[in-house]
């Protein structure tokens, strides 16, 4: 049985006290414990930013990649060994800024990975610049006169890109976030979990308090049907006094790896390579 | 000594099957036991623009094209205008006199004009006008007096497969009509006689890129990710076509950044992986190549060069990314740069690259160029008997169990540490883009930093002692030494034939590995040569600079070319001659 302690490392996180990242790390550990996933079968791929450090404090296989480059590494690892549980973690700058191209294409591909985005609407590690999800008018070191751009809407973008699992969590609600991560990992296909993750050092606007007052759970909305794309899209556009969290959209589509007959019997990593016969191929060139 | 030899060139508008026709011609002779080399030149357009395919045929081994053309098949007037000066003494032009006319005064007197109604014969034999290419092939066979059955067999394979026997028969009929027309109409024309060589071994008619792809398949490459870019795309195409037969995942990505990262991710997860691109895409890969270096993830990268900077001349050839390959990415880390010079080296060095990448856990860059990647040559079947997969310190589950603790980045004597892959119990580690300690934990400690940098470079020292990175061809006691790398090998070896005929002693030093650089061997050659002449297809003599850096020696002369075209052997001969004459003064 996988337990919480064996997933924990000797070193303690270096995140700021009170940072939303603590909640995400604990929710992820809880999810792995509840799913009873052997730690050697879990691969966590991260990018750069405060979120990028997450794998340092959880005992699994990990690849701490470049800024914005989590998804290509995670996707390929899953393709060559689909028996792994692959979880990608990144920040809003990482995934919706520099890595935006990979994000869209990963959703299109529907490789069975779970993508957790630590969305704090600010660049924290570089000490406070505007991020792709910073609100219009938001004043930061790089936007002293207020951000002119409007923010990216990752949930709407994901629904439009036909992601098969689109959810939003809140780092201040651990049980709820744990549940979302469990659902995301269990989901067959690409799962986005955008997490509202207050940055206590550099984002004085989108604080825990700010979100506590605003968030409400979609699962409590009796009439909400998260398999209805149009309804999901409407909910995705909701932001302001009320901010929905939970699963916005879910659909079923074959995963990319299911479409590959090469690995239908055996994961690619288990294919023998010692004595591959290419004599037939050489004959084709004669 | 050669008895037979000719160069045949077909030219016309892009999009009219020039390359296919050229390939059929070349294979026709390759199957007859002759040696062939071909190259195509085309603009970066799908339709329109001028396209040529040049095939050289001889009865002894050949390594490149030569300039002078014996038979020019001109599908349009532009071909005549552009290439009439390349025609050898007593050469011929085959053209369709019903489509355009050639005034006798336009071409030299010795050139023979064969007007063959290509389009009419194509339609009369029941085909489309596009089959005029086959009529021209038939006409060429008649002029060469070569057994047309070889041509038919190739046509059957090219058109017979998917399209069925009917299409093949139509094409064969069209070819025969051209053949018969020339035989009847130009009964007394002097033929260039080429005879098949009986009982010669089977040879492949294959490009550098195809050889690279075969080398990768043989090496057990299970993941190839790439973004389309000339002249690397045919590796993607070939491997994709074998995806199911050879159980390999071939992924076209959203960009080259994803391509290289996917290959890194696949390799990290335990399979042999490769990516391929040209200079522009390679620029995008720069940061991730450093990631492979830092995380010590094995990686093979094909860099098929074309003239830059930026988009440059997309469909032409140049050797201007050597320094770039040596220094791509920020920071310092060991990497291998290998520059195959011919088809065989494309195959064997790609295979080796996978062994080196895994044995030393670093990126290996195979640097080619358009000329090598896309030109065909007839080569013997590759010798597979001695090829052995070596996965280096990829750790087994048993060994992991025996270990008290697993240190992924252990600072060993040879600098290489045991590597586990996800799913192995007791092998947990975190590949980290940050500097890390032996346990793979991120560390900014100064002493640890030095230990890890030294560890990574120690691998390179060991690797250096294992690789013989230079080859020498020709006379040991030569008066003149030519030095080059990559695809110029072919034209250089051909140019040497001219000197050997004149009894001038000449040798060629081919630098095969740029990193690790074969400094002892190169230094030795430079110290013991009367005259050294560097030949490079670039402006700044990049190899010359590298030689100076590693040996402290200068080359005596440089012959450089950077017009986007490969050296012709005749040009090298003339330039070297000039140097020799100049030296006498």
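For the stretch A:256-270, state whether one or more residues are within 19 Å of residue A:160 (Cα to Cα), away from every other protein chain (no Cβ under 14 Å) and either modelled with pLDDT of 95 or more or under 20 Å from the mean Cα position of the chain (by Cα) (or both). Give the derivation first.
Start the filter on the stretch A:256-270 by keeping residues that are within 19 Å of residue A:160 (Cα to Cα), which leaves A:256.
Those still in the list that are away from every other protein chain (no Cβ under 14 Å) too: none.
Looking through the stretch A:256-270, none of the residues is within 19 Å of residue A:160 (Cα to Cα), away from every other protein chain (no Cβ under 14 Å) and either modelled with pLDDT of 95 or more or under 20 Å from the mean Cα position of the chain (by Cα) (or both).
Output the number of the condition that residue A:155 fails; it satisfies all remaining conditions of (1) free of Cβ contacts under 8 Å to residues at least 40 places away in the same chain; (2) touching a strand residue (DSSP E or B) at 6+ places or on another chain (Cβ under 8 Å).
With respect to (1) free of Cβ contacts under 8 Å to residues at least 40 places away in the same chain; (2) touching a strand residue (DSSP E or B) at 6+ places or on another chain (Cβ under 8 Å), residue A:155 is out only on (1).
With the requirement that a residue be facing chain A (nearest Cβ under 9 Å), at negative phi and touching a strand residue (DSSP E or B) at 6+ places or on another chain (Cβ under 7 Å), what does the stretch B:437-449 give you? Write out each step before concluding.
Going through the stretch B:437-449, the residues facing chain A (nearest Cβ under 9 Å) turn out to be B:440-442.
In the following step, the residues that additionally are at negative phi were identified as B:441-442.
B:442 - this is the single residue of the stretch B:437-449 that is facing chain A (nearest Cβ under 9 Å), at negative phi and touching a strand residue (DSSP E or B) at 6+ places or on another chain (Cβ under 7 Å).
This table checks each residue for (1) outside any helix (DSSP H, G or I); (2) within 24 Å of residue A:22 (Cα to Cα).
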{"residue": "A:132", "(1), (2)": "yes, yes"}
{"residue": "A:137", "(1), (2)": "yes, no"}
{"residue": "A:144", "(1), (2)": "yes, no"}
{"residue": "A:156", "(1), (2)": "no, no"}
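Just checking: which of the strands (runs of 3 or more DSSP E) contained wholly in the stretch B:319-436 hold 2 or more residues that are crowded, with 18+ Cβ neighbours inside 10 Å and within 14 Å of chain A (Cβ to nearest Cβ)? Walk me through it before giving the result.
On the way: elements: B:336-338, B:363-369, B:376-380, B:430-432.
In the stretch B:319-436, the matching strands (runs of 3 or more DSSP E) lie at B:376-380, B:430-432.
Here is a check on your reading of the model: is residue A:110 on the phi > 0 side of the Ramachandran plot, crowded, with 22+ Cβ neighbours inside 10 Å and more than 8 Å from every other protein chain (Cβ to nearest Cβ)?
Yes.
Only one of (1) surrounded by 16 or more Cβ atoms within 10 Å (Cβ to Cβ); (2) at pLDDT 95 or above; (3) more than 20 Å from residue B:332 (Cβ to Cβ) fails for residue B:475. Which number is that?
All conditions pass for residue B:475, except number (2).
Please find, within the stretch A:61-88, the residue that is nearest to the other protein chains (Cβ to nearest Cβ) out of those that are over 15 Å from residue B:223 (Cβ atoms) and touching a residue at least 60 places away in the same chain (Cβ under 8 Å).
For the stretch A:61-88, the residue satisfying everything is A:83.
For residue B:264, state whether it is buried (at least 23 other Cβ atoms within 10 Å of the Cβ) and assigned to a strand (DSSP E or B).
Numbers: buried (at least 23 other Cβ atoms within 10 Å of the Cβ): yes; assigned to a strand (DSSP E or B): no.
Against the criterion (buried (at least 23 other Cβ atoms within 10 Å of the Cβ) and assigned to a strand (DSSP E or B)), residue B:264 does not qualify.
Which ones in the stretch B:217-254 are touching a helix residue (DSSP H, G or I) at 6+ places or on another chain (Cβ under 6 Å) and within 26 Å of residue B:312 (Cβ to Cβ)?
B:224, B:225, B:226, B:227, B:229, B:231, B:234, B:235, B:238, B:239, B:253, B:254
Restricting to the stretch A:95-135, count the residues that are under 28 Å from residue B:424 (Cβ atoms) and touching a helix residue (DSSP H, G or I) at 6+ places or on another chain (Cβ under 8 Å).
9
Given the structure, is residue B:285 more than 7 Å from chain A (Cβ to nearest Cβ) and modelled with pLDDT of 95 or more?
Taking the combined requirement at face value, the residue satisfies it.
Condition test on residue B:233, is it within 19 Å of the chain's Cα centre (by Cα), closer than 24 Å to residue B:39 by Cβ and surrounded by fewer than 24 Cβ atoms within 10 Å (Cβ to Cβ)?
Yes: the conditions hold for residue B:233.
Anything in the stretch B:236-246 that is surrounded by fewer than 22 Cβ atoms within 10 Å (Cβ to Cβ) and in contact with a strand residue (DSSP E or B) (Cβ under 6 Å, 6 or more places away or on another chain)? List them, or say none.
Residues satisfying the conditions are B:240, B:243.
Go through B:308, B:215, B:276, B:280 for me and flag whichever is in a strand (DSSP E or B) and under 21 Å from the mean Cα position of the chain (by Cα).
Answer to the selection: B:276.
Out of (1) under 30 Å from residue B:271 (Cα atoms); (2) touching a residue at least 40 places away in the same chain (Cβ under 8 Å); (3) assigned to a helix (DSSP H, G or I), the odd one out for residue B:204 is which?
(3)
Checking residue B:501 against (1) buried (at least 17 other Cβ atoms within 10 Å of the Cβ); (2) free of Cβ contacts under 8 Å to residues at least 12 places away in the same chain, which single condition isn't satisfied?
Tallying (1) buried (at least 17 other Cβ atoms within 10 Å of the Cβ); (2) free of Cβ contacts under 8 Å to residues at least 12 places away in the same chain, residue B:501 fails exactly one: (1).
So, in the stretch B:131-168, exactly how many residues are under 16 Å from residue B:33 (Cα atoms) and in contact with a strand residue (DSSP E or B) (Cβ under 8 Å, 6 or more places away or on another chain)?
Looking only at that region, the number is 1.
Considering every residue within the stretch A:94-101, establish whether at least one is within 14 Å of chain B (Cβ to nearest Cβ), without any contact (Cβ under 8 Å) to a residue 24 or more places away in the chain and out of contact with any strand residue (DSSP E or B) (no Cβ under 9 Å at 6 or more places or on another chain).
Yes, because at least one residue in the stretch A:94-101 is within 14 Å of chain B (Cβ to nearest Cβ), without any contact (Cβ under 8 Å) to a residue 24 or more places away in the chain and out of contact with any strand residue (DSSP E or B) (no Cβ under 9 Å at 6 or more places or on another chain).
Listed here are the residues, each with its yes/no results for (1) within 12 Å of chain A (Cβ to nearest Cβ); (2) under 30 Å from residue A:266 (Cβ atoms).
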position	(1), (2)
B:183	no, no
B:188	no, no
B:202	yes, no
B:215	yes, yes
B:221	yes, yes
B:224	yes, yes
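Take the residues of the stretch A:44-60 that are assigned to a loop (DSSP other than H, G, I, E, B) and under 18 Å from residue B:294 (Cβ atoms): which is farthest from the other protein chains (Cβ to nearest Cβ)?
Just the residues of the stretch A:44-60 that are assigned to a loop (DSSP other than H, G, I, E, B), to begin with: A:47-50, A:58-60.
Then drop every residue that is not under 18 Å from residue B:294 (Cβ atoms), which leaves A:47-49.
Numbers: A:47: 9, A:48: 7, A:49: 12 Å.
Once the filter is applied, the top-ranked residue is A:49.
Of the numbered conditions (1) free of Cβ contacts under 8 Å to residues at least 40 places away in the same chain; (2) surrounded by fewer than 20 Cβ atoms within 10 Å (Cβ to Cβ); (3) within 25 Å of residue B:63 (Cβ to Cβ), residue B:210 fails exactly one; give the number of that condition.
(2)
For the stretch A:189-269, list the strands (runs of 3 or more DSSP E) that sit wholly inside it and hold at least 2 residues that are surrounded by fewer than 22 Cβ atoms within 10 Å (Cβ to Cβ); which are they?
On the way: elements: A:191-196, A:215-217, A:243-250.
Strands (runs of 3 or more DSSP E) meeting the threshold: A:215-217, A:243-250.
Name the strands (runs of 3 or more DSSP E) wholly within the stretch B:55-162 that hold at least 1 residues that are touching a residue at least 40 places away in the same chain (Cβ under 8 Å), more than 29 Å from the chain's Cα centre (by Cα) and surrounded by 17 or more Cβ atoms within 10 Å (Cβ to Cβ)?
Filter on the stretch B:55-162 gives B:87-95, B:112-115.
The values are calculated or read from the model by the stated rules, or taken from the named source; none is laboratory data. Keep in mind that what you see is a predicted model, and the values were worked out from it rather than measured. Positions of Cβ are generated from backbone atoms using ideal geometry, with glycine treated the same way; all protein chains shown enter the neighbour counts.
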